[in-house]
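Since the structure comes first, as structure tokens, the remarks are kept for the end.
The values are calculated or read from the model by the stated rules, or taken from the named source; none is laboratory data. As the structure is a computational prediction, the values presented were derived from the model and not from experiment. Note: ideal-geometry Cβ built from the backbone for every residue, glycine included; neighbour counts use all protein chains shown. Each accessible area value is taken on the protein alone, full model and side chains, heavy atoms only, with ligands, DNA and RNA left out. Shrake-Rupley method; radii C 1.70, N 1.55, O 1.52, S 1.80 Å.
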Amino acid sequence: IVVGFPKNIVAVVEPAEVVSFFDTLTGKAVMVILIIAGLLWYAVYPIWLAIKWYKAGRDPRQFSPVSAWFDPPKDDKGRTLTPAETGTLYDEQADMADVVATIVDLARRGYIRIEERKKKRFYLVKTGKTVADAPLLFESDLLEDVFGSSDEVELKQNMDLYDAVTDCKEALHKQVVTAGLFPTNPQSVRNFYGGVTVAALFTGNILLFLTSLIFGRAMSRRTLFGAEQLGIAKSLRN
């Protein structure tokens, strides 16, 4: 069967040369950028990361801890550091031990009492001492998160303290920067290089994965003042 119709009823598409995107000027520019980015990501950045740690990621030199020291470490304004701040200064991260130390320190300073009313059943009780009597820093948020509107709480194994602990850790990381012990938030530095480690793994950049795993997580550093106070804290512990 043959069917025909007059010309120009259907548009005539003239043949045209197919040009690849990467043969265009824009495509060539994109290709150059991709090559440079790949070179930086796979070859330069892993080496630069190790160099950066060597030059700027290590603590300044400090005096060696001595066998006996009787003054506690202080912040850059002369305030005695809390146990939690000292713990964060020591290992560069706020952890559960620092939160527990804060609760014990609040009891020592008279803000709360820790009562064992039955065997292994502990209660935290407010004493009535307020921030107006003696100012608190990050500890005030911890008190609010733990107690809420109550005057006492029982420490149970299934007690939901996740938000209180998380907020306290975050506040501690900010506090050690405010106290002049770290130039930047050490947790933020670890999070950044943790992201670099994951990205390197997903892109198959084994060299960067290893260097970020080794050097990146050790990139957080203390200030010169912070390194000096760390030496004092170790000496006091001795």
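Here are the numbers for this structure:
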read-out	value
Residue in segment 191-228 that is surrounded by the most Cβ atoms within 10 Å (Cβ to Cβ), counting only those that are in contact with an Asp or Glu (Cβ under 8 Å, 6 or more places away or on another chain) and not small (Gly, Ala, Ser)	Arg222
Cross-chain or 6+ apart pairs with Cβ under 9 Å, segment 34-60 first and closer than 21 Å to Ala227 by Cα, then at pLDDT below 90 and of a type in the set (A, V, I, L, M, F, W, C)	Trp53/Ala218; Gly57/Ala218; Arg58/Ala218
Leu40 being at pLDDT 90 or above, open to solvent by 80 Å² or more (accessible area, probe 1.4 Å), more than 22 Å from the chain's Cα centre (by Cα) and of a type outside the set (Lys, Arg)	yes
Condition met for Leu49 (open to solvent by 50 Å² or more (accessible area, probe 1.4 Å) and part of a helix (DSSP H, G or I))	no
Qualifying residue in segment 93-115 (condition: part of a helix (DSSP H, G or I), polar (S, T, N, Q) and either loosely packed, with under 13 Cβ neighbours inside 10 Å or without any contact (Cβ under 8 Å) to a residue 12 or more places away in the chain (or both))	no
Residues satisfying the stated conditions in segment 66-78, i.e. within 31 Å of the chain's Cα centre (by Cα) and open to solvent by less than 60 Å² (accessible area, probe 1.4 Å)	Val66, Pro72, Pro73, Asp75, Gly78
Selection count, segment 180-238, where residues are assigned to a helix (DSSP H, G or I) and over 30 Å from Tyr42 (Cα atoms)	14
Selection count, segment 116-127, where residues are within 12 Å of Leu155 (Cα to Cα) and either open to solvent by less than 60 Å² (accessible area, probe 1.4 Å) or of a type in the set (Val, Ile, Thr) (or both)	3
